[in-house]
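Structure first, then comments.
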Amino acid sequence: MTRFKTSTYAVVAAALVLGVTAPAASAHDGHPSRSSHQDHSSKRDNSSVPFTSATVTENADGTFTVAWSARGTHGVKIRTEGRTVARGGDTGTVTVKGLRAVDRRWFELVPERGTPLRLADRLIKLQGTVNFRDAGGYRTADGHWVKMGEIYRSDALNLLTADDLAKLKRLGIRTVFDLRMQSERDKDPDRVPAGATHVVADVLAGSPAFTAMPKTPAEAEAMMVEGNRFMVSGDTAKAAYTKVFDGIADERRHGVLFHCTAGKDRTGWNNAALLTALGVPEETVTADYLASNTYRAAANEAILSHLPPQHAAVYKPLLDVRPEYLNASFAEVEEEYGSFRTYLKQGLGIDGRELKELKRDLLVG
């Protein structure tokens, strides 16, 4: 393979250390095969939040589609800004029109019986990012829901505009964890909202996985798999993710934002580990991880379209997120720790008491 130009190589390198609309605020029923992390002693009343799935999607024309399933409740009201804007049965889909523009549109889904559910579209629309989204809005296997508006994940923040920063301040971003390497931080320093604390949590500082360019698609895939394994067992990775989880566990630091360059690999594993710890089913965790492919579709296509076909074929696995990448991380958990619960305790320092507190802080229902 011929040498990349210097500018292209820099872009490729950025992708290697990672490295537009996807499923919105949603969750689905499921039974996780990675169930060793579940805290059965702290289960609450599964019927308190009757919704088994729910989504809020902001459409291109400014309308919102709200869909839900809460069988047995007989009726659901959709409320926003203190007023009812739609009604439906225990299962339904409505489109809400004529709402004024706000930083983020929240809806309360109020069942005839049971606890209401507060949701928004997962994507936070900013001028300087394409993959900034809420980490919550998912249903756990035992019927709870991960709160929205508390924890966020994103791609790089160096292109945030003044309007973006003002919006993030209004949304309550207080702590930003930067998962990138020193070279990335030097080249594209973070822009963070006024008053927010910036914390370096360098995941890949000690990784040998990204030291040379792959020459074939297979080599590129192998590089991504190895990198995802390092994110679990690498010393710097464990230290970085421990720092982030400590921040998430500290209610005084909410809202927490963690990010890398593309918001898909280092950030992807951080969110996968968080959702798994909270009891979200495997299929939902995987769907959230793979959503980066959709959120980043236009940006990725813009890069690939400027490369010769043979180079694009090698580069594409570096831009993608794929099930086998996430599976490599979970396989490393099993091989190194035996269970996800042990990974939390030995790898990230989260014992049973701290896990209960994390669930109490971030779950509703």
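Taking (1) in a loop (DSSP other than H, G, I, E, B); (2) farther than 30 Å from Gly279 by Cβ; (3) out of contact with any Asp or Glu (no Cβ under 6 Å at 6 or more places or on another chain) in turn, Gln127 satisfies each apart from (3).
Quickly run through the stretch 240-272 and pick out the residues that are part of a helix (DSSP H, G or I), under 14 Å from the mean Cα position of the chain (by Cα) and closer than 25 Å to Ala299 by Cβ. Within the stretch 240-272, Val244, Arg266, Thr267, Gly268, Trp269, Asn270, Asn271, Ala272 qualify. Selection over the stretch 115-131 of residues that are buried (at least 18 other Cβ atoms within 10 Å of the Cβ), more than 19 Å from Asp178 (Cα to Cα) and in contact with a helix residue (DSSP H, G or I) (Cβ under 9 Å, 6 or more places away or on another chain) gives a count of 2. Candidates are the residues of the stretch 252-274 that are farther than 20 Å from Tyr138 by Cβ and open to solvent by 10 Å² or more (accessible area, probe 1.4 Å); the one that is modelled with the lowest pLDDT is Arg253.
Applying the selection to the stretch 96-117, what residues are in a strand (DSSP E or B) and closer than 22 Å to Arg133 by Cα? Passing the criteria: Val96, Trp106, Phe107, Glu108, Leu109, Leu117. Residues that are crowded, with 17+ Cβ neighbours inside 10 Å and farther than 25 Å from Asp164 by Cα within the stretch 95-109 comprise Val96, Leu109, listed in sequence order. The single condition among (1) at pLDDT below 95; (2) among the basic types (Lys, Arg); (3) open to solvent by 50 Å² or more (accessible area, probe 1.4 Å) that Arg34 does not satisfy is (3). The set of residues in the stretch 302-344 being open to solvent by less than 10 Å² (accessible area, probe 1.4 Å) and among the β-branched types (Val, Ile, Thr) consists of Val314, Val321, Val333. In the set Val102, Val96, Val85, only one residue is touching a Leu at 6+ places or on another chain (Cβ under 9 Å) and of a type outside the set (Lys, Arg); that residue is Val85. In this structure, does Arg87 turn out to be in contact with a Lys or Arg (Cβ under 8 Å, 6 or more places away or on another chain), in a strand (DSSP E or B), open to solvent by 60 Å² or more (accessible area, probe 1.4 Å) and modelled with pLDDT of 95 or more? Taking the combined requirement at face value, the residue satisfies it. Please verify whether Gly347 is closer than 27 Å to Ala239 by Cβ and either open to solvent by less than 10 Å² (accessible area, probe 1.4 Å) or not charged (D, E, K, R) (or both), treating the condition exactly as stated. Here the answer is yes, as Gly347 does meet what is asked.
Yes or no: Ala298 farther than 29 Å from Ala196 by Cα, in contact with a helix residue (DSSP H, G or I) (Cβ under 6 Å, 6 or more places away or on another chain) and surrounded by fewer than 24 Cβ atoms within 10 Å (Cβ to Cβ)?
Taking the combined requirement at face value, the residue does not satisfy it.
For the stretch 275-283, indicate whether the set of residues that are of a type in the set (D, E, K, R) and open to solvent by 10 Å² or more (accessible area, probe 1.4 Å) is non-empty. Scanning the stretch 275-283 turns up at least one residue that is of a type in the set (D, E, K, R) and open to solvent by 10 Å² or more (accessible area, probe 1.4 Å).
Here's the yes/no breakdown for (1) open to solvent by 40 Å² or more (accessible area, probe 1.4 Å); (2) among the acidic types (Asp, Glu); (3) touching an Asp or Glu at 6+ places or on another chain (Cβ under 6 Å):
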{"position": "Arg133", "(1), (2), (3)": "no, no, no"}
{"position": "Ser154", "(1), (2), (3)": "no, no, no"}
{"position": "Leu168", "(1), (2), (3)": "no, no, no"}
{"position": "Thr175", "(1), (2), (3)": "no, no, no"}
{"position": "Val200", "(1), (2), (3)": "yes, no, yes"}
{"position": "Ala205", "(1), (2), (3)": "yes, no, no"}
{"position": "Lys215", "(1), (2), (3)": "yes, no, no"}
{"position": "Ala222", "(1), (2), (3)": "yes, no, no"}
{"position": "Gly227", "(1), (2), (3)": "no, no, no"}
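Listed by position, the strands (runs of 3 or more DSSP E) inside the stretch 143-207 whose residues that are β-branched (Val, Ile, Thr) number at least 2 are 175-178, 197-200.
The values are calculated or read from the model by the stated rules, or taken from the named source; none is laboratory data. None of these values were measured; they are calculated from a predicted model. Ideal geometry is used to build each Cβ from the backbone, glycine not excepted, and the neighbour counts take in all protein chains shown. The accessibility values were calculated without ligands, DNA or RNA, using every heavy atom of the protein model including side chains. Shrake-Rupley method; radii C 1.70, N 1.55, O 1.52, S 1.80 Å.
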